[in-house]
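Trainee: Input: one structure, supplied below.
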Amino acid sequence: MDDPNTRPHGGDGQFVRSLTTAQREAEAARLRTKGWTYQRIADELGYGHRADAYNAAQAALKATVREAGEELRTLELERLDRLEAAANEVLEREHITVSHGKVVSLDDGVPLPDDGPVLQAIDRLLKIQERRSRLLGLDAPVKRDISLTDERAAAIEALVEELGE
């Protein structure tokens, strides 16, 4: 019924899930959570093989996890937007130096600007930008040079051999 060769594909060649397919996959996952076997699910929903029912249930679970992750990412980005707006307000505000409860003025009576809050706001904005970049995966992977002692290399080789057995 759900022949992979007849499924719609997007411009990038990737399978595009239709609403009907998504609903069938969700139903397969729901039935699986009720303890149904994949063969019974395949028979009930008209899949040709039990493997098709398994793949449908797995696709529904993956889509659910992906959607939840995207919602959480969106929520986190909104929080970062609010923090960034607050830090920008501090950055744009005029700050004057106060010492022992009194405004510090220059010789001509003009209050001495206080750069401390501005610099702190800049630091905070940079941290927010770094967090946003990590969240969106914008940072390039970091290459690390790892050196091993002969003892550690031998231990790793022994583990690899053990796993191979």
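The values are calculated or read from the model by the stated rules, or taken from the named source; none is laboratory data. Remember, it's a predicted structure, so these values are computed and weren't measured experimentally. Please note: Cβ atoms are built from the backbone with ideal geometry, for glycine as well, and neighbour counts cover all protein chains shown. Quick note on the areas: whole protein, heavy atoms, side chains included, nothing else; ligands and nucleic acids left out. Shrake-Rupley method; radii C 1.70, N 1.55, O 1.52, S 1.80 Å.
Trainee: Consider region 31-49. How many of its residues are open to solvent by less than 90 Å² (accessible area, probe 1.4 Å), out of contact with any helix residue (DSSP H, G or I) (no Cβ under 7 Å at 6 or more places or on another chain) and either closer than 14 Å to residue 21 by Cα or of a type in the set (S, T, N, Q) (or both)?
Mentor: 2
Trainee: Something else about it: Spot the failing condition for residue 143; the list is (1) more than 30 Å from residue 22 (Cα to Cα); (2) assigned to a helix (DSSP H, G or I); (3) without any contact (Cβ under 8 Å) to a residue 24 or more places away in the chain; (4) open to solvent by 90 Å² or more (accessible area, probe 1.4 Å), and only one is missed.
Mentor: Every listed condition holds for residue 143 apart from (2).
The rows are residues; the columns are (1) open to solvent by 90 Å² or more (accessible area, probe 1.4 Å); (2) in contact (Cβ under 8 Å) with a residue 40 or more places away in the chain; (3) not aromatic (Phe, Trp, Tyr).
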residue	(1), (2), (3)
51	no, no, yes
54	yes, no, no
57	no, no, yes
62	yes, no, yes
69	no, no, yes
87	no, yes, yes
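Trainee: Please work out if residue 150 is of a type in the set (D, E, K, R) and more than 29 Å from the chain's Cα centre (by Cα).
Mentor: Yes: the conditions hold for residue 150.
Trainee: Go through (1) in contact with a His (Cβ under 6 Å, 6 or more places away or on another chain); (2) under 30 Å from residue 137 (Cβ atoms) and name the single condition residue 117 misses.
Mentor: (2)
Trainee: Still on this structure, I have one more. Could you tell me whether residue 131 is at pLDDT below 90, under 30 Å from residue 80 (Cβ atoms) and either under 23 Å from the mean Cα position of the chain (by Cα) or open to solvent by 100 Å² or more (accessible area, probe 1.4 Å) (or both)? Steps first, answer last, please.
Mentor: Details: at pLDDT below 90: no; under 30 Å from residue 80 (Cβ atoms): yes; either under 23 Å from the mean Cα position of the chain (by Cα) or open to solvent by 100 Å² or more (accessible area, probe 1.4 Å) (or both): yes.
It is false that residue 131 is at pLDDT below 90, under 30 Å from residue 80 (Cβ atoms) and either under 23 Å from the mean Cα position of the chain (by Cα) or open to solvent by 100 Å² or more (accessible area, probe 1.4 Å) (or both).
Trainee: Could you list, in sequence order, the residues of region 18-46 that are more than 15 Å from residue 58 (Cβ to Cβ) and assigned to a helix (DSSP H, G or I)?
Mentor: Residues satisfying the conditions are 19, 20, 23, 39, 40, 43, 44.
Trainee: Another one. Report whether or not residue 156 is part of a helix (DSSP H, G or I), free of Cβ contacts under 8 Å to residues at least 24 places away in the same chain and of a type in the set (A, V, I, L, M).
Mentor: Yes.
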